[in-house]
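A short worksheet on the structure shown next.
The values are calculated or read from the model by the stated rules, or taken from the named source; none is laboratory data. All values derive from a computational prediction rather than experimental measurement. Cβ coordinates were reconstructed from backbone atoms using ideal geometry, including for glycine residues, and neighbour counts include every protein chain displayed. These accessible areas exclude ligands, DNA and RNA; they are computed on the full protein's heavy atoms, side chains included. Shrake-Rupley method; radii C 1.70, N 1.55, O 1.52, S 1.80 Å.
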Amino acid sequence: MKLSIIATAFALAFAGSAYAQVTPSPQGKKSSSDPAADRISADYKGASDAWKPMKGNSQDVCKAEAKAKRDVAKAELNLQKKDSAENRRKLAEAKAKGEYDVAKERCEDQKGDAQKSCEKEAKSKRDAALAQAKGSSSSAKSGKGM
């Protein structure tokens, strides 16, 4: 008798957790049914758990890397869903901004002129990548009319 009660309790516990995974969340909160988007969120949460014990600039660099990775992954997912010039531009921009944010945080490990030079180089790389992304986007738009 006790064994069947315990087995029933376990079955109900697992059924409840499985039900919670497939039902929409209460109060109108949006729950993602897209496994790729869920993976991106889980990866970011895992990264946030990794940077919590860190201190100082290494924590900031880790945060910047995780955010950049998340933003690029979201842009790639949008591009997979709809391959368009705008989504390709957004992906290129996400990559450029992410690389810049990480580089800028890494520059903070340096001091004085070396830091300024590092930041200037990171900014010029970002600006060039953004210009290229916008240039590719505008040339794709002008090619549509032909």
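Values as computed for the structure displayed
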{"read-out": "Entries in 90/116; 63/125; 52/123 that, when Cα-Cα distance is taken, lie over 24 Å", "value": "90/116; 52/123"}
{"read-out": "Net charge contributed by nearby residues that have their C-beta within less than 10 Å of residue 43 (K/R +1, D/E -1)", "value": "+3"}
{"read-out": "Percent carbon-and-sulfur accessible area, region 36-146, ignoring ligands, DNA and RNA, probe 1.4 Å", "value": "50 percent"}
{"read-out": "Table column - 3J(HN,Hα) (Hz), region 46-56, Karplus curve with 6.51, -1.76, 1.60, x for Gly and Pro", "value": "x, 5, 5, 5, 6, 8, 4, x, 6, 10, x"}
